[in-house]
Amino acid sequence: MKIVYHPLMSESYDRTPAGAPGRLDTSVEILSKHADYEFVEARPASEEEINRAHAPDHIERVKRDYDSTREDLLYQVATLAAGGAIMTAEIAVQGEPAFGLIRPPGHHASHSSYWGFCYFNNIAVSLLHLKARGLIESAYILDFDLHTGDGNINILGGEKGIIIHNPSGNGDDAFLADVKQGLEAAPDVDIIVASAGFDQYEHCWGGNISTDAFKQIGRLMHEFAEERCEGRRYGLLEGGYNFEDLGKNVLAFCDGLKGQ
């Protein structure tokens, strides 16, 4: 299974928890030790690709918005995250599971505004790229981040064929039941993607679900994809701020996503 990543994403590009030093370290370390995972270097998205999801002045604001020692670092990393999301989606649409180990996250970035540690909406950029190329007409977005992805809803909520589910529930059983219920009620789609936020974790901000629950979410996506959309499935990193445990949670989700 391919993991889309770029070393520049490990640079601290702003002073938010999402952009802090060391956030991706355990994920890179743990996934690198497993032969089942192959790292693929992300490429930057073009302005044309980003413009499918965002207004031109939105892009210009991101170019001017920086909080690091390098004026252009935030924009470089944000375009790599968006381009990495496109690459992840392109792998998945061929029927091979993939995960975008990317930052900044994206699900709070709307068409013309951004907040919540996000700049470009990686989910929207990737799905609209697939639609523009005629590779998909429909998609199921499972946004299991602690916080509702208002940017996903803003950009994609009105798109024909797009379903967005933000599951809830206290503890593993209730949360997984909501995930499963949403999948069972969904029509057939061309692809399923996760806004994969790991801040629901029991030792993170949400204080809610276990590492095993992330594996079960991935497995439910695997089963749905195999039965309903020719195996097409991928995930993109959103939240998750327990840096020490993020790696094992990402691994658990990816193991489930590939059917382990």
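The values are calculated or read from the model by the stated rules, or taken from the named source; none is laboratory data. The structure presented is a predicted model; accordingly, all values stated were derived computationally and were not measured. FYI the Cβ positions are ideal-geometry reconstructions off the backbone, even for glycines, and counts take in every protein chain you see.
Within region 232-257, residues that are of a type in the set (Asp, Glu) sit with their Cβ atoms under 8 Å from residues that are in a helix (DSSP H, G or I) and at pLDDT 95 or above, at 6+ positions apart or across chains, in these pairs: Glu244/Thr26; Asp245/Thr26; Asp245/Thr211; Asp255/Lys215; Asp255/Gly218. Restricting attention to region 12-27 and to residues that are in contact with a Leu (Cβ under 6 Å, 6 or more places away or on another chain) and closer than 23 Å to Ser126 by Cα, the residue that is modelled with the lowest pLDDT turns out to be Tyr13. Candidates are the residues of region 11-27 that are small (Gly, Ala, Ser) and part of a loop (DSSP other than H, G, I, E, B); the one that is farthest from Phe117 (Cα to Cα) is Gly22.
Please work out which one of (1) more than 25 Å from Cys118 (Cβ to Cβ); (2) buried (at least 19 other Cβ atoms within 10 Å of the Cβ); (3) not acidic (Asp, Glu) is the condition Tyr201 fails and give its number. With respect to (1) more than 25 Å from Cys118 (Cβ to Cβ); (2) buried (at least 19 other Cβ atoms within 10 Å of the Cβ); (3) not acidic (Asp, Glu), Tyr201 is out only on (1). The requirement of being farther than 24 Å from Thr26 by Cα, part of a helix (DSSP H, G or I), without any contact (Cβ under 8 Å) to a residue 60 or more places away in the chain and in contact with a strand residue (DSSP E or B) (Cβ under 7 Å, 6 or more places away or on another chain) is fulfilled somewhere in region 129-152, by at least one residue. Consider region 237-260 and keep the residues that are part of a loop (DSSP other than H, G, I, E, B) and more than 22 Å from Gly106 (Cβ to Cβ). The one that is farthest from the chain's Cα centre (by Cα) is Gln260.
In region 19-46, the residues that are in contact (Cβ under 8 Å) with a residue 40 or more places away in the chain and among the aliphatic types (A, V, I, L, M) form Cβ pairs under 9 Å with partners that are surrounded by fewer than 18 Cβ atoms within 10 Å (Cβ to Cβ) and assigned to a strand (DSSP E or B), at six or more places apart or across chains, as follows: Val28/Phe39; Leu31/Phe39.
When you scan region 157-175, do you find a residue that is assigned to a helix (DSSP H, G or I), in contact with a His (Cβ under 9 Å, 6 or more places away or on another chain) and crowded, with 18+ Cβ neighbours inside 10 Å, even just one? No, the conditions are met nowhere in region 157-175. Residues that are touching a strand residue (DSSP E or B) at 6+ places or on another chain (Cβ under 6 Å), surrounded by 17 or more Cβ atoms within 10 Å (Cβ to Cβ) and more than 15 Å from Ala81 (Cα to Cα) within region 1-42 comprise Lys2, Leu31, Tyr37, listed in sequence order. Is there a residue being touching a residue at least 24 places away in the same chain (Cβ under 8 Å), under 20 Å from Glu230 (Cα atoms) and either touching a Lys or Arg at 6+ places or on another chain (Cβ under 9 Å) or in a loop (DSSP other than H, G, I, E, B) (or both) anywhere in region 114-125? Scanning region 114-125, I find no residue that is touching a residue at least 24 places away in the same chain (Cβ under 8 Å), under 20 Å from Glu230 (Cα atoms) and either touching a Lys or Arg at 6+ places or on another chain (Cβ under 9 Å) or in a loop (DSSP other than H, G, I, E, B) (or both), so the answer is no. When restricted to residues that are within 15 Å of the chain's Cα centre (by Cα) and of a type in the set (Phe, Trp, Tyr), region 96-135 contains 4. Examine region 185-203 for a residue that is part of a loop (DSSP other than H, G, I, E, B), polar (S, T, N, Q) and free of Cβ contacts under 8 Å to residues at least 40 places away in the same chain, and state whether such a residue exists. Looking for residues that are part of a loop (DSSP other than H, G, I, E, B), polar (S, T, N, Q) and free of Cβ contacts under 8 Å to residues at least 40 places away in the same chain, one finds none in region 185-203, hence no.
Is one or more of the residues making up region 97-118 surrounded by fewer than 24 Cβ atoms within 10 Å (Cβ to Cβ), in contact with a strand residue (DSSP E or B) (Cβ under 8 Å, 6 or more places away or on another chain) and under 23 Å from Leu246 (Cα atoms)? Yes: region 97-118 contains one or more residues that are surrounded by fewer than 24 Cβ atoms within 10 Å (Cβ to Cβ), in contact with a strand residue (DSSP E or B) (Cβ under 8 Å, 6 or more places away or on another chain) and under 23 Å from Leu246 (Cα atoms).
Matching residues to (1) touching a Pro at 6+ places or on another chain (Cβ under 7 Å); (2) part of a loop (DSSP other than H, G, I, E, B); (3) at pLDDT 95 or above:
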| site | (1), (2), (3) |
| --- | --- |
| Met9 | no, no, yes |
| Glu29 | no, no, yes |
| Phe39 | no, no, yes |
| Arg43 | no, yes, yes |
| His58 | no, no, yes |
| Asp67 | no, yes, no |
